[in-house]
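Engineer: Take this structure first; my questions come after.
The values are calculated or read from the model by the stated rules, or taken from the named source; none is laboratory data. Fair warning: this is a prediction, and the values are worked out from it, not measured in the lab. Neighbour counts are summed over all protein chains in view; Cβ atoms, including those assigned to glycine, are modelled from backbone coordinates with ideal geometry.
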């Protein structure tokens with residue numbers, strides 16, 4: 001019999017990805033991705049769940065090794081849920097970036113739980129799932145009255161594949177305002193608004209919800225015995241990868257994509273400040289994790305809109321000219337509401353702009369680690385930043401040559417995904433330490449000092 005494979009469906013805010021993992025070796029053997037287009041509008045801007053599902057079905061059907069897939073693990077971004085009626089029809093899949101959610105900001109602020117209970121900051125637009133539900137109940141009451149199920153985004157995909165509804169703690173604990181991490185139960189807001197009954201039963205991220213639906217097997221050619229796992233919030237996969245290896249270790253994970261999210265396992269929750277977009281995520285076992293974040297992927301693109309390599313020589317030019325990117329260039333993060341600016345950057349080449357963007361994201365990540373109160377942690381990189389070798393070298397230098405690692409060959413959190421897919425013995429991938437900067441850059445420390453003085457200091 002051919003060796004089994006695990007399929008990962010990873011639906012990010014910007015891109016959707018399918019990947020096949022070999023659990024015997026802990027390696028990725030195939031992947032494909034697509035850019036997520038805007039979904040249909042209506043009472044709110046919506047996520048393109050139909051387009052994503054069509055692409056997933058066609059892509060799986062074209063795979064020559066699809067019969068070897070024994071499990072599917074859904075992963076998806078936070079601040080998203082799909083609303084279903086009693087028959088299972090989709091009523092709405094709200095996009096958290098819709099500015100219409102801001103119209104209830106003041107009303108909603110008056111009813112949400114204090115930060116000390118939920119560790120969930122009040123965020124713009126619909127980045128708090130609770131605000132999405134509040135908006136719909138108060139601005140679209142007829143539609144909200146038809147809602148029978150609120151399904152977190154990873155579990156929506158699990159339901160589409162298996163036919164079984166579930167919720168899971170990492171998605172509910174992701175700045176939703178609906179969960180009290182220390183108490184491990186729904187928030188007072190969720191209870192008071194009677195929303196708790198709209199959520200399905202709670203399952204562990206690695207629970208098998210069932211086999212794939214017969215219609216899915218017929219459309220894709222997957223084996224009808226293929227299991228569908230409950231799934232989880234995307235950034236928590238990166239964290240789980242290292243938590244499995246170092247349950248008592250001192251580490252920080254820098255998970256990148258549209259958002260750059262820093263999760264530190266020994267961060268002090270008392271250091272979290274809601275107005276700085278700091279929060280407690282919840283790991284797959286229900287424990288709170290000190291977290292800080294900013295929209296690093298979006299900000300990188302705003303600083304360096306033309307994709308280009310960023311050699312160290314380009315970084316030298318940036319430092320010599322004192323070109324600076326000052327936050328912020330996207331919503332969210334500790335400088336939300338502050339208009340970003342570029343200085344001495346007008347004549348930079350595309351490569352130099354890429355070096356400036358890399359330096360900016362490294363400075364922000366370095367700042368967030370300090371804000372979390374993490375004491376000299378080992379740093380692990382995941383996502384696109386793990387493949388940006390200049391980023392790892394800069395971050396290590398900024399933190400007095402702290403060890404910064406990424407998985408060998410840019411592999412993602414394969415071990416964690418295989419663990420959730422039913423293969424707990426999958427070997428951990430070898431880790432590659434970021435090499436030091438190839439040139440001495442004594443001005444980097446002075447640049448960091450000036451940059452921190454120039455930004456609006458978080459307090």
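Engineer: So in the range 418-453, with the set limited to residues that are touching a strand residue (DSSP E or B) at 6+ places or on another chain (Cβ under 9 Å) and at pLDDT 95 or above, which one is farthest from residue 311 (Cα to Cα)?
Structural biologist: 422
Engineer: Let me ask you something else. From the residues in the range 1-11 that are surrounded by fewer than 20 Cβ atoms within 10 Å (Cβ to Cβ) and either part of a strand (DSSP E or B) or at pLDDT below 95 (or both), which one is nearest to the chain's Cα centre (by Cα)?
Structural biologist: 3
Engineer: Right, another one. Return the only residue of 368, 385, 446 being in contact with a helix residue (DSSP H, G or I) (Cβ under 8 Å, 6 or more places away or on another chain) and assigned by TED's automatic domain parsing to the domain that holds residue 252. Walk me through how you get there before you give the answer.
Structural biologist: Values: 368 fails: in contact with a helix residue (DSSP H, G or I) (Cβ under 8 Å, 6 or more places away or on another chain); 446 fails: in contact with a helix residue (DSSP H, G or I) (Cβ under 8 Å, 6 or more places away or on another chain).
Checking each option against the conditions leaves just 385.
Engineer: Among the numbered conditions (1) over 20 Å from residue 289 (Cβ atoms); (2) exposed (fewer than 13 other Cβ atoms within 10 Å of the Cβ), tell me where residue 421 comes up short.
Structural biologist: Going through (1) over 20 Å from residue 289 (Cβ atoms); (2) exposed (fewer than 13 other Cβ atoms within 10 Å of the Cβ) one by one, residue 421 breaks only (2).
Engineer: Of all residues in the range 12-39, how many are under 17 Å from the mean Cα position of the chain (by Cα) and in a loop (DSSP other than H, G, I, E, B)?
Structural biologist: Matching residues across the range 12-39 total 4.
Engineer: Sticking with this structure for a sec: Among the residues of the range 211-251, which ones are more than 21 Å from the chain's Cα centre (by Cα) and part of a helix (DSSP H, G or I)?
Structural biologist: Passing the criteria: 214, 215, 216, 217, 218, 219, 220.
Engineer: Continuing with this model, one more query. Hey, can you tell me all the residues within the range 53-69 that are more than 27 Å from the chain's Cα centre (by Cα) and surrounded by fewer than 18 Cβ atoms within 10 Å (Cβ to Cβ)?
Structural biologist: 61, 62, 64, 65, 67
Engineer: A follow-up question, please. Let me spell it out: the conditions are (1) touching a helix residue (DSSP H, G or I) at 6+ places or on another chain (Cβ under 7 Å); (2) in the same structural domain as residue 169 (by TED's automatic domain parsing); (3) at negative phi, and residue 221 meets all of them except one. Which number is the exception?
Structural biologist: Unmet for residue 221, out of (1) touching a helix residue (DSSP H, G or I) at 6+ places or on another chain (Cβ under 7 Å); (2) in the same structural domain as residue 169 (by TED's automatic domain parsing); (3) at negative phi: (3).
Engineer: Turning to a different aspect of this structure: If you take the residues of the range 396-406 that are on the phi < 0 side of the Ramachandran plot and surrounded by fewer than 24 Cβ atoms within 10 Å (Cβ to Cβ), which of them is nearest to the chain's Cα centre (by Cα)? Don't jump to the end; show me each part of the working.
Structural biologist: So in the range 396-406, the residues on the phi < 0 side of the Ramachandran plot come out as 396-399, 402-406.
Now drop any that are not surrounded by fewer than 24 Cβ atoms within 10 Å (Cβ to Cβ), which leaves 396-399, 402-403, 405.
Details: 396: 23, 397: 25, 398: 24, 399: 24, 402: 24, 403: 23, 405: 19 Å.
By that ranking, first place goes to 405.
Residues checked against (1) crowded, with 16+ Cβ neighbours inside 10 Å; (2) within 30 Å of residue 124 (Cβ to Cβ); (3) touching a helix residue (DSSP H, G or I) at 6+ places or on another chain (Cβ under 6 Å):
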| site | (1), (2), (3) |
| --- | --- |
| 177 | yes, yes, yes |
| 181 | yes, yes, no |
| 193 | yes, yes, no |
| 196 | no, yes, yes |
| 206 | yes, no, yes |
| 226 | yes, no, no |
| 234 | yes, yes, no |
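Engineer: Here's something else I'd like to know. For the condition modelled with pLDDT under 95, surrounded by fewer than 24 Cβ atoms within 10 Å (Cβ to Cβ) and in contact with a strand residue (DSSP E or B) (Cβ under 9 Å, 6 or more places away or on another chain), what is the one hit in 345, 336? Talk me through it step by step, then tell me what you get.
Structural biologist: Details: 345 fails: modelled with pLDDT under 95.
The conditions single out 336.
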